[in-house]
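Asks: I have a structure here, written as structure tokens, and I will follow up with some questions on it.
The values are calculated or read from the model by the stated rules, or taken from the named source; none is laboratory data. What you are looking at is a predicted structure, and each value in this text was computed from that prediction instead of being measured. Neighbour counts are summed over all protein chains in view; Cβ atoms, including those assigned to glycine, are modelled from backbone coordinates with ideal geometry.
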Amino acid sequence: MLKLLDVPTAQRTILRRTPLSAMDYPGVVLERTEKLFGKGVTPPQAVAIILASVQAEGDAALRRWSKLIDQVDLDAKTPSEGFCVPPAELEKAYQSLPEDLCQALQAAAGRIRKFHEFQPLPNWETETLGGRLGQRAIPVDRAGVYVPGGTAPLPSSLLMSVIPAQVAGVRQVVVCTPPNPHPVILAVAHLCGVDQVFQLGGAQAIAAMTFGTETVPRVDKIVGAGNLFVTLAKQQVYGLVGLDGLAGPTETMVIADRHARPDWVAADLLAQAEHDVLACAILLTPDRELAEKVQVEVGRQMEALSRAEIITQSLSNRSGIVLTPDLEIAAHLASEFAPEHLCLAVADPESLASRVHNAGGLFLGERSFEVLGDYIAGPSHVMPTGGTARFASPLNVMDFVKITSIVALDALTSSELSPLAARIARAEGLTAHAAAAEFRIIR
């Protein structure tokens, strides 16, 4: 059952952020890491070993790690296939889907594409500063998308990551997903027109896309969430390749008042809690009666859910119901927590939303619930976790472009600015800079 907490207790427990570097690794993870890599080897050390080996050995290392970690012998693949899933297999997977699922995926793809097409690319120029100044948004040449396999296939993550890249104009998008991918992931790759799908998971997939191998092309930016080893790998390759961010466990926060439906609120919390045992599902409410009804509903609805064991652990780890004095304090706590998803199940969500400055996604009203955002509403569901919504944004077209500044000054403006630049250069002790500017002064 979800525990009821007062504000001070919640701030010491479920509302307290733990940095990735300070997170305690589950015992089962440490045990398996030592079994595979040797006694005393930590997950970050194991990831460093994988990265270095892929950089040095390329495909040979990828085959070795896939066999050791994923228990998949990629040597059994024909040379023509390598790690890459043949396009015919992608199409075959798509053709095998039930018609109603195809229609749902097509509708989701259409809405996601249309939403991101509304996002402007900031190309501009001005002649008001002498000559021509401006900037161009230029797509990265090649993007890599990681799609987790895990305990549930996530074709929605492929849609939400690939489509914004395509809208941005990325020339080539490649996907990495663990070996023996679920047919629905392959089907969605075909639906999106993905260039290549590689059967590679974990840190070795991140390494392959970062460094490039004989088979896997080096990419300019990697996006997409994954497990602990994927996140650690992204952390270690920072600076060598562009990244969307370091995804922690998924999280949702609901602010509800007495007008909210307890069964709907409970369903929204359970939907988040079923992701994994570290998922975070928190309700903030000033209404004790609602809180107690939600508790009852959570227990009742769990009985019919397939992932009840995962939900039970998730609800007991990082989740709970916080009783707040009023909605204003609830909004303040939410903004401080900076959740990945913030759902406002209140009578006046627009007014309350104006008090929240930090959230990956705002879901206004009980009809705009998070599950729609997960699949079909339109915005990418790849959102900042771990409190990074204080400074980071959901995945969008701007993640796949870089800005190039354009400087084309006319001769008169160049001459007028040169002595000013030279003066600043000499203040910095950079006489060569000053000389280069002074040569351009029209005498």
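Asks: Within segment 145-158, track down each residue that is part of a strand (DSSP E or B) and either in contact with a Lys or Arg (Cβ under 7 Å, 6 or more places away or on another chain) or of a type in the set (A, V, I, L, M) (or both).
Replies: Within segment 145-158, VAL145 is the sole residue that qualifies.
Asks: In segment 359-403, what count of residues is obtained for those that are of a type outside the set (A, V, I, L, M), part of a loop (DSSP other than H, G, I, E, B) and over 16 Å from the mean Cα position of the chain (by Cα)?
Replies: 5
Asks: Next question. Identify the single condition in (1) surrounded by fewer than 15 Cβ atoms within 10 Å (Cβ to Cβ); (2) modelled with pLDDT under 95; (3) more than 18 Å from LEU228 (Cα to Cα); (4) not polar (S, T, N, Q) that LEU74 does not satisfy, given that it satisfies every other one.
Replies: Failing condition for LEU74: (1).
Asks: Residues in segment 283-297: is at least one buried (at least 17 other Cβ atoms within 10 Å of the Cβ), under 19 Å from THR385 (Cβ atoms) and out of contact with any Ser or Thr (no Cβ under 6 Å at 6 or more places or on another chain)?
Replies: Looking through segment 283-297, at least one residue is buried (at least 17 other Cβ atoms within 10 Å of the Cβ), under 19 Å from THR385 (Cβ atoms) and out of contact with any Ser or Thr (no Cβ under 6 Å at 6 or more places or on another chain).
Asks: Give LEU412, LEU362, LEU417, LEU372 a once-over and let me know the one that is surrounded by fewer than 23 Cβ atoms within 10 Å (Cβ to Cβ), closer than 22 Å to PRO120 by Cα and not polar (S, T, N, Q). Outline the logic, then answer.
Replies: Values: LEU412 fails: closer than 22 Å to PRO120 by Cα; LEU417 fails: closer than 22 Å to PRO120 by Cα; LEU372 fails: closer than 22 Å to PRO120 by Cα.
Only one candidate qualifies: LEU362.
Asks: Output the residue which, of all residues in segment 116-138 that are among the hydrophobic types (A, V, I, L, M, F, W, C), loosely packed, with under 14 Cβ neighbours inside 10 Å and part of a loop (DSSP other than H, G, I, E, B), is modelled with the highest pLDDT. Give the steps one after another, and end with the answer.
Replies: Step one: filter segment 116-138 for residues among the hydrophobic types (A, V, I, L, M, F, W, C), giving 118, 121, 124, 129, 133, 137-138.
Pick out the ones that are also loosely packed, with under 14 Cβ neighbours inside 10 Å and you get 118, 124, 129.
Filter once more, keeping what is part of a loop (DSSP other than H, G, I, E, B): 118, 129.
Details: PHE118: 97, LEU129: 93.
Filtering first and then ranking leaves PHE118.
Asks: Oh, and also: Only one of VAL265, VAL241, VAL237 is buried (at least 24 other Cβ atoms within 10 Å of the Cβ) and modelled with pLDDT of 95 or more. Can you tell me which?
Replies: VAL265
Asks: Evaluate segment 350-372: report whether one residue or more is aliphatic (A, V, I, L, M), touching a Ser or Thr at 6+ places or on another chain (Cβ under 7 Å) and either without any contact (Cβ under 8 Å) to a residue 60 or more places away in the chain or under 30 Å from THR9 (Cα atoms) (or both).
Replies: Among the residues of segment 350-372, at least one is aliphatic (A, V, I, L, M), touching a Ser or Thr at 6+ places or on another chain (Cβ under 7 Å) and either without any contact (Cβ under 8 Å) to a residue 60 or more places away in the chain or under 30 Å from THR9 (Cα atoms) (or both), which makes the answer yes.
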